[in-house]
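The values are calculated or read from the model by the stated rules, or taken from the named source; none is laboratory data. Note that the structure is predicted; figures quoted are calculated from it, not measured. Ideal geometry is used to build each Cβ from the backbone, glycine not excepted, and the neighbour counts take in all protein chains shown. Heads up: the accessible areas ignore ligands, DNA and RNA and are worked out on the full protein's heavy atoms, side chains in. Shrake-Rupley method; radii C 1.70, N 1.55, O 1.52, S 1.80 Å.
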Amino acid sequence: MKTAGKSIDLNDKRVLIIDDSATVRNYLQTYLTSMGAVTDSAATGHEGLAKCAEPPYDLVLLDILLPDIDGIEVLKQIRERNEISTVIMITGHGGVKSAIAAIQLGADGYLQKQEITSTRDDHTEFLYAIEQALEHRAGIVAQKQLQEIRADFYSMVTHDLRSPTSTILTAAEMLDQDHAQQQPFSSEQQQLVRLIHKAANKLFRLINDYLEFAKIEAGYLRLNLEEVELRQLVESSAELAQLQAQAKQQSLTLDLPPTPVYACVDAERLTQVFDNLLSNAIKYTPNGGQITVKMQVRPEDKAVEFRIIDTGLGIPTQYLPALFTKYHRVPGEAARGIHGSGLGLLIVKEIVTAHGGTVHAESQGADQGSTFVIILPLTGA
Ligand code: ADP
């Protein structure tokens, strides 16, 4: 029901009208000024864009058909500059299709030219369209602001929680070393230090997973792409995992191509992927097991394939499809005392997908080992 409109507040709103018809420009300027708006106008796309400097207009009424550049192109350039201005497209007869296309490109609504000029006494339709468009844009702006606040909050919390946790970790490690070197603890004290160390380690991983996931969910996964040699990246990830594997008497073997493989990737993020998959392989493989990383270039589809293979607990086939979803853990793992957040694989999938790649898991079932397969495109390197 189009009852709104009369309540619309245009007081002090800065409005720009871009239209080649002097009649439309004059009419809109007069009417909107009488509503309290501060108006300006332009007869061509270039003139309009020149006026669209800072600060952004609250509202732009933009003709789709302009004598110099297409109204859609003007819209695109306005959106490149700001997300704040409400933009309403003005169309002629039969221009609805292009108006809808404009909405997909960031316009907030459209008005037909004849609606503006032929209903001089009744402005309900016109004001309703403006009100709807202003609300639409306000919603988008509010959502963006919320996302920014969330991202700031996450990075603040990340820092605030991580740093005391890593202090506890380091202190526990040092106590453990001191004990080994000079001041023997009683066996009870020794046990307590190990307990602190284990708990801090677990806390550190959980904080990382939760915060990483929260950031990704808020839409803040940004890749820093650079040319990277992928064999080296795998090797350095495996170096760290080697220590974890040794602690469980597992062997960790790399099977890499004989020559360097370059790709355009975010090295830090991709390292996170391998760290995650290797630490899972170690975690879900009993002592003495075997972990292998196979890397193979697939020239036929300009891609590189990584297989992280373990001889561990395996995954019953019915759980394979849900593995990469939020908080999903194969039932029974908590009971076996293997801790986790159920977020690691989701983070892996988000990062791999952002690189244009795919990831999936293969397993013949419980206690049959698991293989995680990543395929990354080699384009752009
Ligand atoms: P978690 O923090 O629980 O390890 P992930 O998202 O990394 O979370 O993994 C989700 C679930 O997938 C795990 O809880 C586990 O049940 C299963 N899983 C992951 N990697 C392996 C593996 N290498 N072998 C067997 N199960 C695995």
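General observations
- Note that the chain presents 53 Å² accessible area per residue, ligands and nucleic acids not counted, probe 1.4 Å.
- Per residue, the average separation of C-alpha pairs within less than 8 Å and at least 6 apart gives the chain a relative contact order of 11 percent.
- Length available on full extension from Asp176 to Ala366: 0.36 nm per residue minus the Cα-Cα distance, which gives 64.7 nm.
- Region 215-325: C-alpha pair distances exceeding 18 Å, %: 56
- Rotationally averaged projected area of region 125-187 (alpha carbon convex hull; nm²): 5.9
- Debye, to nearest 20: dipole size of region 251-357, +1 on Lys, Arg Cβ, -1 on Asp, Glu Cβ: 260
- Within region 259-274: backbone nitrogen closer than 16 Å to the Glu226 label point (7 Å, Cα to C-beta): 262-272
- Separation between Cα centres of region 25-62 and region 306-375, rounded to whole Å: 56
- Among beta bridges that DSSP assigns inside the chain, antiparallel share in %, nearest 5: 50
- Under Karplus coefficients 6.51, -1.76 and 1.60, residue-wise ³J(HN,Hα) of region 66-82 in Hz, glycine/proline x: 10, x, 9, 10, 4, x, 5, 5, 4, 4, 4, 5, 5, 5, 5, 7, 7
- Beta bridges by DSSP in region 174-302, antiparallel share as percent, to the nearest 5: 45
- Efficiency of FRET between Glu115 and Ala354 - r from beta-carbon atoms, R0 51 angstrom, step 0.05: 0.70
- DSSP-loop chymotrypsin sites (Phe, Trp or Tyr not before Pro) across region 86-177, with at most 14 other Cβ within 10 angstrom: none
- Simple spin-label estimate for Thr325 and Glu300 in nanometres, 7 Å along Cα-Cβ: 3.3
- Taking 0.36 nm per residue of sequence separation and removing the Cα-Cα distance, the Asp20/Gln244 pair yields an extension gain of 73.6 nm.
- Orientation-averaged projection of region 1-151 equals 9.2 nm² [convex hull of Cα atoms, one quarter of hull surface area].
- Candidates Gly314, Gly36, Gly109: whichever shows maximal mean-square fluctuation once the chain is modelled as a Gaussian network with Cα springs under 10 Å: Gly36
- Computed FRET value (nearest 0.05) for Thr124 with Asp68, which takes r as the C-beta separation and R₀ as 41 Å: 0.80
- In Hz, Karplus ³J(HN,Hα) per residue of region 265-272 (6.51, -1.76, 1.60; θ = phi - 60°; x = Gly, Pro): 9, 8, 4, 5, 5, 5, 4, 4
- Taking the charge dipole of region 217-260 about its Cα centre, with +1 at Lys and Arg Cβ atoms and -1 at Asp and Glu Cβ atoms, the residue from Gln244, Leu230, Ala218 reaching farthest to the positive side is Gln244.
- Placing pseudo-labels 7 Å out from each Cα toward the beta carbon at Glu54 and Tyr27 gives an inter-label distance of 3.7 nm.
- Prolate/oblate/rounded call for region 176-238, Cα gyration tensor, a/c under 1.5 rounded: oblate
- Over 22 Å [Cα-Cα, region 84-222], rounded percent: 64
- Stretching Thr317 away from Ile100 to a fully extended chain increases their span by 73.6 nm, per 0.36 nm per residue minus the current alpha-carbon distance.
- Taking all Cα pairs closer than 8 Å and separated by 6 or more residues, the relative contact order of region 287-349 comes to 23 percent.
- The helix-based estimate of mean residue ellipticity at 222 nm for the chain, built from -39,500 (n - 2.57) per DSSP H run of four or more residues and divided by its residue count, is -16000 deg cm²/dmol to the nearest 500.
- Separation in nanometres of the label points that stand 7 Å from Cα toward Cβ, at Leu206 and Lys76: 5.0
- Semi-axes of the equivalent ellipsoid for the chain, Cα gyration tensor, largest first, Å: 59, 25, 19
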